[in-house]
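Asks: Okay, here's the structure, questions in a sec.
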Amino acid sequence: MPPGAHGQHGQHGQHGDDDPRNTTVLVLVNGELVPRDQAVVSVFDAGFVLGDGVWEGLRVSGGHPAFLDQHLDRLQQGAAAIALDIGRSREQLTADLYRLLDANAMTDGVHVRLMVTRGVKATPYQDPRVTVGPATIVLVAEHKLPRPETLERGITLFTTHVRRAAPDTLDPKLNVHSKLGDVTACIQAYTAGADEALMLDPHGFVATCNSTHFFIVRGGDARDGAAPEVSTSDGRYCLGGITRGNVLRVCREAGITAVETTFSLTDVYSASEAFCTGTFAGVVPVREVDGRPIADGQRGPVVRRLQELYAELVARDVADRARL
């Protein structure tokens, strides 16, 4: 597939079709609701100048953001790690989120991006001490759903030469705006005709994907009769994924063996199933890696079961929040 063959914005990888309702949504910029085409920040903002900030993506179901506490935990931990004062409490951020959803009459099939940067700088310079104002906080909510065929048929991956950084360079556990390594990995993947990049750690073991987390399944097929084992990376070179952690949780609850461990591309190519996890699409099958089909290239029974279990967990979390 030639570069650009995936089509226009909204047609890439796991993302669904563009929704025309998104052209008229309101965006929350520093506490002010503004039309999408007027949602702007200063050219002196630290996020624009340096990629200096943290962010979270949230899925809204039944009028409530799923796993909100976990996302706010990660946001605050990331801000603390880079000495960024968000300037708003968890309660205030939660109120901002619901205010945005109410203003746009959004309840289901919604994805929210919560972005916080260090704020406006006196001059385009990296030293945080030249920041002259409070943090910039932007919330963007969009009508956005993964395509049903993606959840059933799955996506393709290409192993990129771009390695995940070690914690002493840019800690991969930080969900920061500085994503150029992931962007270059993504470019290499789609140029090769794949939907997303599979990334290795500095030692050559499988780490993660450029925007999602990666899992393989060993056993559990009719050929060997062995009980399935779900494996993901040991976690040292990937973001502390909310969906990743919740999938490991539902595996434990359902009695499915799941481990965080090191494994190589040899294990990937011989896996009985593979899948990715992320806030946007939940659990998505991987049908092919580096041009090689995973087993028969079809969604397997473990992935199908995990999709069901994860959907049930989302429903439970949203129901608990609705009762608060």
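Read-outs throughout are calculated quantities, based only on the coordinates presented, and are distinct from any laboratory measurement. Just so you know, these numbers come straight off a predicted model, no measurement behind them. Glycine gets a Cβ as well: all are built from the backbone with ideal geometry, and neighbour counts include every protein chain shown.
Asks: Got a sec? Charge dipole of the chain, +1 on Cβ for Lys and Arg, -1 for Asp and Glu; which of Cys186, Tyr237, Ala274 is way out at the positive end?
Replies: Ranked along the dipole, the leading option is Tyr237.
Asks: Let me ask something additional. In degrees, nearest 10, range 0 to 90: what is the angle between the Cα axis of helix 68-81 and the longest Cα principal axis of the chain?
Replies: 70
Asks: For every helix of n ≥ 4 consecutive DSSP H residues, a contribution of -39,500 (n - 2.57) applies; sum these over the chain, divide by its total residues, and give [θ] at 222 nm rounded to the nearest 500 deg cm²/dmol.
Replies: -8500 deg cm²/dmol
Asks: Out of Leu101, Ala227, Ala295, whose Cα points farthest toward the positive end of the dipole of the chain (charges: +1 Lys, Arg; -1 Asp, Glu; placed on Cβ)?
Replies: In the chain, that residue is Leu101.
Asks: Can you tell me the orientation of helix 180-191 relative to the chain, as the angle in degrees between its alpha-carbon axis and the longest Cα principal axis, to the nearest 10?
Replies: It works out to around 50 degrees.
Asks: Taking R0 as 45 Å, what FRET efficiency do you get between Thr123 and Val183 from their Cβ-Cβ distance, rounded to the nearest 0.05?
Replies: Efficiency for this residue pair is about 0.95.
Asks: Compute the long axis of helix 301-322 from its Cα atoms, compare it with the longest principal axis of the Cα atoms of the chain, and write down the angle in degrees, 0 to 90, nearest 10.
Replies: On a 0 to 90 degree scale, this one is about 30.
Asks: Suppose R0 equals 22 Å. What FRET efficiency, 1/(1 + (r/R0)^6) with r the Cβ-Cβ distance, do Thr94 and Val34 give to the nearest 0.05?
Replies: Efficiency, from the Cβ-Cβ distance: 0.60.
Asks: What is the antiparallel percent of DSSP beta bridges lying wholly in the chain, to the nearest 5? List each step's numbers first, then the result.
Replies: Numbers: 45 of 55 bridges.
Within the chain, antiparallel bridges account for around 80 percent of the total.
Asks: Taking the Cβ-Cβ separation of Arg249 and Val43 as r and a Förster radius of 56 Å, what is the calculated FRET efficiency to the nearest 0.05? Working shown, then result.
Replies: Details: r = 43 Å, r/R0 = 0.76.
The pair Arg249/Val43 has a calculated efficiency of 0.85.
Asks: So, in Å, what gap is there between the alpha-carbon centers of the stretch 185-263 and the stretch 268-321?
Replies: Their Cα centres are 10 Å away from one another.
Asks: Let me ask another. To the nearest 20 debye, what charge dipole does the stretch 148-317 have about its Cα centre, counting +1 at the Cβ of each Lys and Arg and -1 at the Cβ of each Asp and Glu? Could you put the intermediate results ahead of the total?
Replies: Working: 17 positive and 22 negative charges, 29 e Å.
It comes to approximately 140 debye.
Asks: Further question on the same structure: Which of Thr169, Leu248, Phe44 sits farthest toward the positive end of the charge dipole of the chain, with +1 on the Cβ of Lys and Arg and -1 on the Cβ of Asp and Glu?
Replies: Of the listed residues, the answer is Phe44.
Asks: Residue by residue through the stretch 36-50, which ³J(HN,Hα) values in whole Hz follow from phi under the Karplus form 6.51 cos²θ - 1.76 cosθ + 1.60 (θ = phi - 60°), with glycine and proline marked x?
Replies: 3, 6, 10, 7, 9, 10, 5, 5, 9, 5, 4, x, 6, 5, 10
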